[in-house]
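Written out below as structure tokens is the structure these notes cover.
Each value in this text was obtained by applying a stated rule to the coordinates, not by laboratory testing. What you see is a predicted model, and the numbers here were worked out from it, not measured in a lab. So basically every Cβ, Gly included, is an ideal-geometry build from the backbone, and we count neighbours across all protein chains shown.
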Amino acid sequence: MSYIPIIDEASCIGQGDCMELVPAVFQVDDCARVIGTGPDELILAAAHECPVEAISIVDSETGEQVYP
Ligand code: SF4
């Protein structure tokens, strides 16, 4: 669990796919926000599912951006 999602609030349209997929990590009101941690695979899947590519991911161990 080293992946950290970052929400681009200017891009997020708040329709909630990320929260449906990983509710422990994403909460969506008007915009998504990160509320916890979760399996790297699910965080990556949520980023792929986001229709507007508002989720980027950084590996907290290496500091590298892993998505997009
Ligand atoms: S899936 Fe993307 S657009 Fe939808 S709420 Fe999450 S971050 Fe926002």
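Table for the structure above
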{"item": "Pairs where the first residue, in region 31-55, is free of Cβ contacts under 8 Å to residues at least 24 places away in the same chain and the second is aromatic (Phe, Trp, Tyr) and within 13 Å of the ligand (Cβ to nearest atom), C-beta under 8 Å, 6+ apart", "result": "35/26; 48/67"}
{"item": "Unmet criterion (only one of (1) touching a residue at least 40 places away in the same chain (Cβ under 8 Å); (2) within 12 Å of the ligand (Cβ to nearest atom)) for residue 4", "result": "(2)"}
{"item": "Matching residues, region 15-26, being surrounded by 14 or more Cβ atoms within 10 Å (Cβ to Cβ) and either within 9 Å of the ligand (Cβ to nearest atom) or more than 14 Å from residue 47 (Cβ to Cβ) (or both)", "result": "16, 17, 18, 19, 21, 23, 26"}
